[in-house]
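What follows is one structure encoded as structure tokens, with my remarks underneath.
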Amino acid sequence: MRQKNNSKRFLALIMFFGFWSLFSAQEKTIIKILNRELKKEVKNQLKYSNFNGDTISIIKEFSIDNNKNLTFQIKKTSPYFIGYQIIKQEVPLNKIVKIGKDIQIILETEKDAVITTTTTFDETKKEQKLTESLFFLYISNEKQNDDLGIELQKAFQKAGFNVKKEYWYD
């Protein structure tokens, strides 16, 4: 009898780690897609016809930490302000409910799930921390890329997160 219980526990443990590694692999897929698209955005940002002078560079690529928080950090310059900004965003994956595209691709979340820290470096250093419900991916220039929204939605769903893709405007 004891051996039968041990076999059941062992089987349950194998199934648990199998599902865990499957979800972990899908989280890596989310990161791979986001980083691929962000790098493409940075590389081509000056070439797009609707370039408005704002530029970004990657400080910390998209990543998912042990607490299942999606985070990344960029440096932004603009002709509309002096100096530059360091923008860091963080959101728990389980708080993301929608993906969409308007001016740029956005992850919509439950109320106040996104922490955005903006540090402005001009004559002085100023830091502003906001909680909001929009996680901006800073991916905007590529057009006719509805397939990207579908690809991201599927990756989130395979990782165990029910994220809906709704509007997708160019």
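Given the conditions (1) over 22 Å from ASP146 (Cβ atoms); (2) under 16 Å from the mean Cα position of the chain (by Cα); (3) touching a residue at least 40 places away in the same chain (Cβ under 8 Å), report the number of the one that PRO92 does not fulfil.
In the conditions (1) over 22 Å from ASP146 (Cβ atoms); (2) under 16 Å from the mean Cα position of the chain (by Cα); (3) touching a residue at least 40 places away in the same chain (Cβ under 8 Å), PRO92 misses (3) alone.
Spot the failing condition for PHE135; the list is (1) farther than 24 Å from GLN45 by Cβ; (2) part of a strand (DSSP E or B), and only one is missed.
All conditions pass for PHE135, except number (1).
Please give the number of the condition THR131 fails out of (1) touching a residue at least 24 places away in the same chain (Cβ under 8 Å); (2) among the hydroxyl-bearing types (Ser, Thr, Tyr); (3) farther than 21 Å from LEU38 by Cβ.
Condition (1) is where THR131 drops out.
Considering only residues of region 138-150 that are of a type in the set (D, E, K, R) and part of a helix (DSSP H, G or I), which is surrounded by the fewest Cβ atoms within 10 Å (Cβ to Cβ)?
If we take residues in region 138-150 being of a type in the set (D, E, K, R) and part of a helix (DSSP H, G or I), then ASP147 is surrounded by the fewest Cβ atoms within 10 Å (Cβ to Cβ).
For region 113-132, how many residues meet the condition of being within 20 Å of ASN94 (Cα to Cα) and either open to solvent by 80 Å² or more (accessible area, probe 1.4 Å) or over 16 Å from the mean Cα position of the chain (by Cα) (or both)?
2
Return the residues of region 59-89 that are in contact (Cβ under 8 Å) with a residue 24 or more places away in the chain, more than 16 Å from GLN45 (Cβ to Cβ) and loosely packed, with under 14 Cβ neighbours inside 10 Å; say none if nothing qualifies.
Of everything in region 59-89, those that are in contact (Cβ under 8 Å) with a residue 24 or more places away in the chain, more than 16 Å from GLN45 (Cβ to Cβ) and loosely packed, with under 14 Cβ neighbours inside 10 Å turn out to be LYS60, ASN67, PHE81, ILE82, GLY83.
Can you give me the number of residues within region 101-112 that are open to solvent by 20 Å² or more (accessible area, probe 1.4 Å) and not in a loop (DSSP other than H, G, I, E, B)?
So the answer is 1.
The values are calculated or read from the model by the stated rules, or taken from the named source; none is laboratory data. None of the values given here were measured: they were computed from a predicted structure. So basically every Cβ, Gly included, is an ideal-geometry build from the backbone, and we count neighbours across all protein chains shown. For accessibility, only protein heavy atoms count, side chains too; no ligands or nucleic acids. Shrake-Rupley method; radii C 1.70, N 1.55, O 1.52, S 1.80 Å.
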